[in-house]
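Student: Please read through the structure below; I'll follow up with questions.
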Ligand SMILES: Nc1ncnc2c1ncn2[C@@H]1O[C@H](COP(=O)(O)OP(=O)(O)O)[C@@H](O)[C@H]1O
Ligand SMILES: [Mg+2]
């Protein structure tokens, strides 16, 4: 596959006048097919309220691309626009080469979606749910049967094919929803909070299946999450979204490197922030603490104590952490991702 990029300033008369440049153009458009998703200044207003604001990004074919942000950040709204369920207010988006507004049918044929809210028919068996989905996508019987076995195998539910879905645990239902999402061989699979409300062990189990899916099927996965570990564990690249805007987008490694290696979180009795700033330290105040980022935490901790002593400030607690995407979020926004997510109503609804 040719992945070279040509960025010549191509003037129209230049193209027509020199046939050698036709080759260049062909290769460029070929390379662009590898961008399975292109989003250009996508915006969604609900009345006066902008849920998604001028979001732009591109996704390479075969990537697991994460959209990480707190509850209400605009993740579902963004996914719904990309999957043609919501019309953007402005901006453009292309999925598998098709315009989500102008060619919604083409987009739908090429995508699978697993919604945040469960949508399985619990009165049917796993097989019946999948079969119904295959019919909607016009798959003939033989193709459906073959594919049902494949997808059930992929999510480890082969022996549960004929069990009613209402007998499934929350984790099994999620796996079945994921299986259904890629039943019709989509090029792009959207997973909206795939492990929302599941316990840690079940979540890890779902991660394994998502990774297996990427290995075994030719599919690009876009997933939203407010679980930091999920984004870190699964995603090649992550867009961090807050109040409808992308505030950072990079590989997990690069995002972490951006903030320095370590984070020290201290709670103090007294004014300490301005003192730390005078020392040219990178510090952010959160509701209950001060968060410092540094490339050498071991050296900074004793310095913090001597500074505190010098200024008559009492350090009440110290937490020393390896860097994570949570810290990236805190440093960019002064808030934690989970603070606003803890009371999400879905957490009460989904149980294992
Ligand atoms: N249909 C709607 N009408 C009005 N506001 C909405 C609608 N859908 C979502 N919102 C608002 O848009 C914001 C983003 O919501 P959503 O995309 O669901 O966020 P997330 O999925 O990141 O939790 C929230 O403030 C939400 O209340
Ligand atoms: Mg959501």
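Student: Can you name every residue in segment 187-209 that is buried (at least 22 other Cβ atoms within 10 Å of the Cβ), closer than 25 Å to residue 97 by Cα and over 12 Å from the mean Cα position of the chain (by Cα)?
Tutor: Listed by number, the list holds a single entry, 188.
Student: Taking the conditions exactly as written (within 18 Å of the chain's Cα centre (by Cα), at pLDDT 95 or above and within 16 Å of ligand 2 (Cβ to nearest atom)), does residue 38 satisfy them or not?
Tutor: No; evaluated as a whole, the condition is false for this residue.
This table checks each residue for (1) outside the structural domain of residue 214 (by TED's automatic domain parsing); (2) within 16 Å of ligand 1 (Cβ to nearest atom); (3) in a loop (DSSP other than H, G, I, E, B).
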position: 120; (1), (2), (3): no, no, yes
position: 134; (1), (2), (3): no, no, no
position: 149; (1), (2), (3): no, no, no
position: 186; (1), (2), (3): no, no, yes
position: 190; (1), (2), (3): no, yes, no
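Student: On the basis of being buried (at least 18 other Cβ atoms within 10 Å of the Cβ), over 24 Å from the mean Cα position of the chain (by Cα) and under 29 Å from residue 232 (Cβ atoms), does residue 293 make the cut?
Tutor: It is true that residue 293 is buried (at least 18 other Cβ atoms within 10 Å of the Cβ), over 24 Å from the mean Cα position of the chain (by Cα) and under 29 Å from residue 232 (Cβ atoms).
Quick grid of which residues meet (1) part of a strand (DSSP E or B); (2) within 22 Å of residue 41 (Cα to Cα); (3) in contact with a helix residue (DSSP H, G or I) (Cβ under 9 Å, 6 or more places away or on another chain):
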| site | (1), (2), (3) |
| --- | --- |
| 209 | no, no, yes |
| 230 | no, no, yes |
| 247 | yes, yes, yes |
| 250 | yes, yes, yes |
| 257 | no, no, no |
| 267 | yes, no, no |
| 274 | no, no, no |
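Student: Could you figure out which of (1) at pLDDT 95 or above; (2) surrounded by fewer than 17 Cβ atoms within 10 Å (Cβ to Cβ) isn't true of residue 33?
Tutor: Single failed check for residue 33: (1).
Student: Also, quick follow-up: I'm trying to understand the selection: among the residues of segment 47-58, which are touching a residue at least 12 places away in the same chain (Cβ under 8 Å) and more than 13 Å from ligand 2 (Cβ to nearest atom)?
Tutor: 50, 53, 54, 55, 56, 57, 58
Student: Same structure again: Among the residues of segment 59-97, which ones are more than 13 Å from ligand 2 (Cβ to nearest atom) and within 12 Å of the chain's Cα centre (by Cα)?
Tutor: 59, 63, 64, 65, 66
Rundown of residues vs (1) within 15 Å of ligand 1 (Cβ to nearest atom); (2) touching a helix residue (DSSP H, G or I) at 6+ places or on another chain (Cβ under 6 Å); (3) not assigned by TED's automatic domain parsing to the domain that holds residue 185, yes/no style:
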site	(1), (2), (3)
72	yes, no, no
94	no, no, no
98	no, yes, no
101	no, no, no
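Student: If you don't mind, there's one more thing I want to ask. Only one residue in 53, 80, 106 is within 16 Å of ligand 1 (Cβ to nearest atom), in a helix (DSSP H, G or I) and either in contact with a strand residue (DSSP E or B) (Cβ under 9 Å, 6 or more places away or on another chain) or at pLDDT 95 or above (or both). Which one?
Tutor: 80
Student: Output the residues belonging to segment 314-352 that are surrounded by fewer than 17 Cβ atoms within 10 Å (Cβ to Cβ), part of a loop (DSSP other than H, G, I, E, B) and modelled with pLDDT of 80 or more.
Tutor: Matches in segment 314-352: 334, 335.
Student: Right, another one. Which one of these does residue 241 not meet: (1) within 30 Å of residue 144 (Cβ to Cβ); (2) within 16 Å of ligand 2 (Cβ to nearest atom)?
Tutor: (1)
The values are calculated or read from the model by the stated rules, or taken from the named source; none is laboratory data. As the structure is a computational prediction, the values presented were derived from the model and not from experiment. For neighbour counting, all protein chains shown are included, and Cβ atoms are generated from backbone atoms with ideal geometry for every residue, glycine included.
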